[in-house]
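The values are calculated or read from the model by the stated rules, or taken from the named source; none is laboratory data. What you see is a predicted model, and the numbers here were worked out from it, not measured in a lab. Here the Cβ positions follow ideal geometry from the backbone for every residue, glycine too, while neighbour counts run over all protein chains shown.
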Amino acid sequence: MSEANENRRLKFEIFRYNPQDPDSAPHMQSFEINELPYMSLFMALNEIREKQDPSLQFDFACRSAICGSCGMMVNGRPNLGCRTQTSDLPDVIRLHPLPVFKLVGDLSVDTGIWFREMAEKTEAWIHAEKAFDPDAQEDRMDDELAQSIYDSDRCIECGCCVASCGVANVKGDFAGPAGLNRMARFAMDPRDTRDDSDWYEVISNENGVFGCIGMMACHDICPKELPLLEIYAYLRRKAVASALA
Amino acid sequence: MSGRITSTDVLVIGGGLAGERCAIEAAAAGHDVLILSLVPPRRSHSCAAQGGMQAALGNCVKAEGDSPEVHYLDTVRGSDWGADQEVARIFAEAAPIAVRELAHFGVPWTRVKGGSNSYFIKGERVNIDEALENDGLIMHRDFGGTAKWRACYAGAGTGHSALYAIDSEVVRLGVTVRDRAEAVELIHEGGRCHGVVARCLRTGDHSAILAKATVIATGGHGRIYGQYTTNATINEGTGAAIALNTGVVPLGNMEAVQFHPTALSPSGILVTEGCRGDGGYLLDKELNRFMVEAEPEKQELASRDVVSRHMARRMRDGHGVQTEHGPHLWLDVRHLGDEHLKTKLREVWEICRDFVGLDPAKDLIPVRPTQHYSMGGVRVNKEGEAYNMAGLFAVGEASCWDMHGFNRLGGNSLAETIVSGRLVGRHIAKTIGAGGVDVDTRVANEAVKKAEERAARLLAAEGSGPGAYEIRDAMAEVMIGRVGIFRTGEELALAVNELKELLVKCDNIVLRSKVPGMNPELTFALRIKNMVRLSLITAMGALARTESRGAHFRSDHPLRDDAKWLNRTLARWPELSDAPEISYEPVGVLDLPPGHRGYGRDERIEMEQTIEDYNQGVEQAQSEQGKLPTEGWQ
């Protein structure tokens, strides 16, 4: 992060389209604002909405890069708007909504429904064998294993990886990087009792790990820096092991 | 009109931890459940809870001797005796079960490592041998205001992991979630709630959702402090407001507002108490650890209200680092080392890098106390039932259940969400009737029509009236300036007047954007009057309460007054009235007699009544305020 130049005038070019408005057609609209120290796109977009165009739609909630609401294309690259500092960007900032997801309006897209469908398709929950016993002590787990699961559980489902994925952009059924990560998260968790043949059905097909063609933009752009490279390698090993089993 | 009415057994408003935990309990019992959420559930503010969830499992050496009893005592003392002690006990006893159940749902809790472990305790590096037979059990970290290490955690993403685990259960059970939707009004008739009018935040359309049980789980309302809060932008008190707007449901203890000691300056982003729990220091501008002198026993791990006041005093006395955004102090976690920071406090490490360009292994973190938690909310009985309204429930931060009283302990809110969600969900599942929703569709249609007309009127208003954002900014300045950490009668009286003026302005708002659809300006304008109402109740409650208790500190009445104020504030807003009505009820049956909290000097005004006399009057006094008899809401 570099210091903001307080005299800099920023020019925003923002994608506009309100599907609820019959008079609206997709277009780019320009806005100018003065840059402030430590200005994030959260601050900049709110200033534009509150001072210049109150109809502008975008999504923020936590504004601290943990809720995953504000994925957007920033000069052609997906990122979280809240953690993107204007001081890291050139004078002209071009913002588009994330591709792949259904547009709600302007920069706002429907990630919730996409991720719910993905969770349903991959059955992204613990398939427990036994019911919870409220009187029993918790089952033990090695701390290192807990840490590995946590590393993958940290995904905030912002959709940046999906937007950056060449396959997800053209193939609607592909689980996408976030979907593959979810599979790995449950596959490595001993509390999930799905066996090799169950996992083979989920992972080992063209909508699973073999749909990935290895361009790895997801790994480069993931705002939480998930170890996606290692995660796919884990899934491929798991696929081979379950095929052999 | 019938296409605009949906029916369900249980309607849960809010897709955070409390709401979803409640939803899966009712769904697992076979009921039809619908969750309404402003955002996709996994984006709810529960995901921002970092450091831990309190449950007395007693798994590590520094937790030895812990029990629900000790947890209960910490919670009541932490509340400055403002809590309902019966609820605090129910909570402390159920917390271990709820936390273990989260392990069952998949939370990757950090685990005990048997053998030698290195910790930082009160400024010293200490080596402790964890028992080999405890290896692999759920680990604890230290948090403020507790006698034992009790906070269970998953890195510094405890809320995130818990929310994802619970939401996975929501998916598994096939619970319907309607996201990007806001409950704008409760549908009720004759003291019974029948569901809500919902506004779709994709299209701006209104519809009715009818339910036999309606649960408010919308979280806190920190955004009444504008940007001076750690809360997400969605924490605007939408749930508390629709309960208040019934005219009969009271909100409890709205003046009890928690300021978290370590929010990042100036953005207000939370930096977890786990930093201090793991051994971090607070430093002033001269790099003095001022908390050691201020509170020799607990030091940085005194209760949040205590630490926040010491910090505010330190800055007021000129020991803060001056910046264009006002003063701040430092949080120092450098000595914890790179590896610890990148694993057990990874979210903190990322936040420092992304939002202030710092490496906490090398740099000091600029922090200052910031609004963080709403102890107040929809007043409910121990089963989660709202006062005066059968079929309406509240859980989590949106509620005033009331285990926190006037100061919540760190890690207790996250535990409350799953404990209250679980218990209230179970209560609803058990007591809900078998028949359909018993309400005339005319009532629902009228409520929808009223909400539509309100939106249409706002959209149609022309002229030079005030904007909604302008009112928000003025409200925020009043709240942080006059209803903050230190309060006085004079400032609070000014706040009440200014907020009343803002309330009048809310009726003259003119929108600049008339676009169809959800229209973000309209969406916010529909909320702002409710936010000013919540602010006004907060200020009026604070003005009336002429004592200092927990987070409510009156510089002009610095002592806790158990003779006069061992009670809970209740605020109702009668229909068509331009001001709320404030009344009081006893805090609940006392088991632990009021005593010294353990901070500063032991000075307070003692109760005049005997405990027995106080306890005898509780049930009747609370019933008079509208508390429903339990098991009787059908």
Point to revise | Matching residues, the stretch A:133-160, being under 13 Å from A:Phe115 (Cα atoms) and touching a strand residue (DSSP E or B) at 6+ places or on another chain (Cβ under 8 Å) | key: A:Cys158, A:Gly159, A:Cys160
Check your understanding: Does B:Thr417 qualify as being touching a helix residue (DSSP H, G or I) at 6+ places or on another chain (Cβ under 7 Å) and of a type in the set (Val, Ile, Thr)?
Key -> yes
Revision key, fill the gap. Matching residues in the stretch B:497-513 (surrounded by fewer than 20 Cβ atoms within 10 Å (Cβ to Cβ) and either within 14 Å of chain A (Cβ to nearest Cβ) or among the β-branched types (Val, Ile, Thr) (or both)) number 4
Practice item. Being at the interface with another protein chain (Cβ under 10 Å from one of its Cβ atoms) and either β-branched (Val, Ile, Thr) or within 17 Å of B:Cys22 (Cα to Cα) (or both) is the filter here, so list the residues in the stretch B:136-157 that pass it. Key: B:Ile138
Practice item. Please work out if B:Thr146 is in contact (Cβ under 8 Å) with a residue 60 or more places away in the chain, touching a strand residue (DSSP E or B) at 6+ places or on another chain (Cβ under 8 Å), part of a loop (DSSP other than H, G, I, E, B) and within 23 Å of B:Arg43 (Cα to Cα). Key: no
Exercise for review: Within the stretch A:51-74, track down each residue that is more than 9 Å from chain B (Cβ to nearest Cβ) and within 10 Å of A:Cys158 (Cβ to Cβ).
Suggested key: A:Cys70, A:Gly71, A:Met72
**Study point:** Near pairs, Cβ below 8 angstrom, 6+ apart or cross-chain, from the stretch B:363-385 (over 30 Å from B:Asp338 (Cβ atoms)) to any residue that is surrounded by fewer than 24 Cβ atoms within 10 Å (Cβ to Cβ) and hydroxyl-bearing (Ser, Thr, Tyr)
**Key:** B:Gln371/B:Tyr228; B:Asn381/B:Thr630; B:Lys382/B:Thr630; B:Glu383/B:Thr630; B:Glu385/B:Thr630
Practice item. Tell me which of these A:Gln147 doesn't satisfy, since it passes every other one: (1) on the phi < 0 side of the Ramachandran plot; (2) touching a residue at least 12 places away in the same chain (Cβ under 8 Å); (3) at the interface with chain B (Cβ under 8 Å from one of its Cβ atoms). Key: (2)
Check your understanding: Which strands (runs of 3 or more DSSP E) sit wholly inside the stretch B:4-122 and have at least 3 residues that are in contact (Cβ under 8 Å) with a residue 24 or more places away in the chain and within 14 Å of chain A (Cβ to nearest Cβ)?
Key -> B:33-37
Point to revise | Matching strands (runs of 3 or more DSSP E) fully within the stretch A:20-93 where at least 2 residues are under 14 Å from A:Ser108 (Cα atoms) and not acidic (Asp, Glu) | key: A:71-74, A:77-80
Check your understanding: A:Ser30 versus (1) more than 11 Å from chain B (Cβ to nearest Cβ); (2) at positive phi: which is the lone unmet condition?
Key -> (2)
Practice item. Kindly indicate whether B:Gly239 is assigned to a loop (DSSP other than H, G, I, E, B) and surrounded by 21 or more Cβ atoms within 10 Å (Cβ to Cβ). Key: no
Exercise for review: Could you list, in sequence order, all residues of the stretch A:94-120 that are surrounded by 15 or more Cβ atoms within 10 Å (Cβ to Cβ), in a helix (DSSP H, G or I) and more than 9 Å from chain B (Cβ to nearest Cβ)?
Suggested key: A:Trp114, A:Met118
Review point. Among the residues of the stretch B:486-496, which ones are crowded, with 18+ Cβ neighbours inside 10 Å and either within 14 Å of another protein chain (Cβ to nearest Cβ) or of a type outside the set (Gly, Ala, Ser) (or both)?
Key: B:Arg487, B:Glu491, B:Leu492, B:Val496
Exercise for review: Under 8 Å between Cβ atoms, at least 6 apart or on separate chains: pull out the pairs that start in the stretch A:90-101 with a residue that is on the phi > 0 side of the Ramachandran plot and end on any residue that is not in a loop (DSSP other than H, G, I, E, B).
Suggested key: A:Val100/A:Trp114; A:Val100/A:Val162; A:Val100/A:Ala163; A:Val100/A:Gly176
Check your understanding: Hey, among A:Arg83, A:Arg77, which residue is within 25 Å of A:Asp220 (Cα to Cα), facing chain B (nearest Cβ under 9 Å) and charged (D, E, K, R)?
Key -> A:Arg83
Review point. Which ranges mark the helices (runs of 4 or more DSSP H) fully within the stretch B:258-367 that have 3 or more residues being within 14 Å of another protein chain (Cβ to nearest Cβ)?
Key: B:338-343, B:346-356
**Study point:** Pick from the stretch B:520-539, criterion over 17 Å from B:Asp473 (Cβ atoms) and surrounded by fewer than 24 Cβ atoms within 10 Å (Cβ to Cβ), ranking: farthest from the other protein chains (Cβ to nearest Cβ)
**Key:** B:Leu526
Point to revise | Answer residue from the stretch A:226-238, given it is without any contact (Cβ under 8 Å) to a residue 12 or more places away in the chain and surrounded by 13 or more Cβ atoms within 10 Å (Cβ to Cβ) and is nearest to the other protein chains (Cβ to nearest Cβ) among those | key: A:Glu230
Review point. Within the stretch B:432-439, can one find any residue that is touching a Ser or Thr at 6+ places or on another chain (Cβ under 8 Å), surrounded by 14 or more Cβ atoms within 10 Å (Cβ to Cβ) and in contact (Cβ under 8 Å) with a residue 24 or more places away in the chain?
Key: yes
Revision key, fill the gap. Expected single match for more than 8 Å from every other protein chain (Cβ to nearest Cβ), surrounded by 19 or more Cβ atoms within 10 Å (Cβ to Cβ) and within 18 Å of A:Leu229 (Cβ to Cβ) among A:Cys158, A:Cys165 is A:Cys165
Review point. Within the group B:Phe393, B:Phe406, which residue is outside any helix (DSSP H, G or I), in contact with a helix residue (DSSP H, G or I) (Cβ under 7 Å, 6 or more places away or on another chain) and either more than 21 Å from B:Glu273 (Cβ to Cβ) or at pLDDT 95 or above (or both)?
Key: B:Phe393
